Amino acid sequence: MVQGTGSIMPLDDDLRAALLQRREKLAAAGGGKKIRERHDKGLMTARERLDAFFQPDTFQEYGAHIRHGCTAFDMADKDIPADGVVVGTGHVEGRQVAAFSQDFMSVGGTLGKMHARKIVWAQDYALKNGTPLVGFKDSGGARIQEGVDALSGYGEVFYRNVELSGVVPQIAIIAGPCAGGAAY
């Protein structure tokens, strides 16, 4: 129930159903077949990595429903769950940690403008709050369809890497392919 001005009104069932459907789609990322293929190779999904890393019920994701803005190369209607990266904060042994986990099942975990923006949010949070930053790297590099926007995104991420250097721990976990800028 949501309390409004003087009255209590229930959440709209259609809106709640739509939100649950969007959350299920995010959790499935590349779909059941891709998840099974990863598991068959002994690999975890981006969300599974964060679930295993953080203490139970402490992970707070942000930017889950973000969408890329690329319209070139037939990208306008392409839906990329969480834009290929899961980002948030949680606790490890009682200490708050910021983290991101690239999702190779979503367009190869490639970095575009919004993907980079989400990583930058985690970096800025870590810097502001003095928390460690952990990145699970699993990416084919820059999302070439986004051209200069993807490269600019890497520039923002690298700039923050330098800002954080010597201030907060930055830990990179290589969880899959790391091509191009992802290798840095």
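Values quoted throughout were computed directly from the atomic coordinates according to the rules given, and no laboratory measurement underlies them. Computed from a predicted model, the values in this text were never measured in an experiment. Here the Cβ positions follow ideal geometry from the backbone for every residue, glycine too, while neighbour counts run over all protein chains shown.
Quick check: pseudo-label points 7 Å beyond the Cα along Cα→Cβ at K41 and I173, how many nm apart are they?
If labels sit at K41 and I173, their model points lie 1.7 nm apart.
Quickly rank 148-155, 39-46 as a protection proxy: mean count of other C-beta atoms within 10 Å, highest first. Kindly include the intermediate steps, with their values, before the conclusion.
Numbers: 148-155: 17.4, 39-46: 15.0.
Answer by packing, highest mean first, reads 148-155, 39-46.
Only sites in a loop by DSSP and with at most 10 other Cβ atoms within 10 Å count here; which trypsin sites (Lys or Arg not before Pro) in the range 120-184 make the cut? It would help to have the intermediate numbers written out before the result.
Values: sites: K128, K137, R143, R160; in loops: R143.
Loop-located and lightly packed - none at all.
Along the Cα→Cβ direction, 7 angstrom out, place labels at Q55 and K34. What is the inter-label distance in nm?
For Q55 paired with K34, the spin-label model returns 3.3 nm.
First measure r as the distance between the Cβ atoms of K128 and A183, then evaluate 1/(1 + (r/R0)^6) with R0 = 35 Å and state the FRET efficiency to the nearest 0.05. Walk me through the numbers before you get to the answer.
On the way: r = 27 Å, r/R0 = 0.77.
That pair, K128 with A183, gives E of 0.80.
Note down the relative contact order for the range 54-184 as a percent, whole number, built from C-alpha pairs under 8 angstrom at least six residues apart. Write down the numbers at each step before the final one.
Working: 272 pairs, mean separation 30.9, N = 131.
Relative contact order here is 24 percent.
Using only C-alpha atoms and all pairs of different ones, pull out the Kirkwood radius for the range 2-183 in Å with one decimal.
Numbers: mean 1/r = 0.0581 Å⁻¹.
So the Kirkwood estimate lands at 17.2 Å.
Got a sec to turn the phi values of the range 84-92 into Karplus ³J(HN,Hα) couplings, 6.51 cos²θ - 1.76 cosθ + 1.60 with θ = phi - 60°, whole Hz, x for Gly and Pro?
Rounded to whole hertz, the list is x, 8, 9, 10, x, 10, x, 10, 10.
List, in the order given, every pair from K34/K137; K113/K137; K25/K78; K41/K78; K41/K137; K34/K118 whose Cα-Cα distance in the structure shown is over 20 Å. Don't jump to the answer; show the numbers that get you there.
Details: K34/K137 18 Å; K113/K137 17 Å; K25/K78 14 Å; K41/K78 27 Å; K41/K137 17 Å; K34/K118 24 Å.
Beyond 20 Å between Cα atoms: K41/K78; K34/K118.
At 7 Å along the Cα-to-beta-carbon direction for both A76 and N161, put a label point, then send me their distance in nm to one decimal.
3.5 nm
How large is ³J(HN,Hα) for each residue in the range 134-144, as worked out from phi by the Karplus curve 6.51 cos²θ - 1.76 cosθ + 1.60 (θ = phi - 60°), to whole Hz, x for Gly and Pro?
Couplings: 10, x, 8, 8, 7, 8, x, x, 5, 7, 4 Hz.
Which loop GluC sites (Glu not before Pro) in the range 130-178, with loop taken from DSSP, have no more than 16 other Cβ atoms within 10 angstrom of their Cβ?
Values: sites: E146, E156, E163; in loops: none.
Counting only loop positions with at most 16 other Cβ atoms within 10 Å, none of the GluC sites (Glu not before Pro) in the range 130-178 qualifies.
Okay, helix-only estimate at 222 nm for the chain: each DSSP H run of n ≥ 4 adds -39500 (n - 2.57), divide by all residues, round to 500 deg cm²/dmol; what do you get? Don't skip to the answer; put the middle values down first.
On the way: 5 runs with 67 residues, N = 184.
The per-residue figure over the chain is -11500 deg cm²/dmol.
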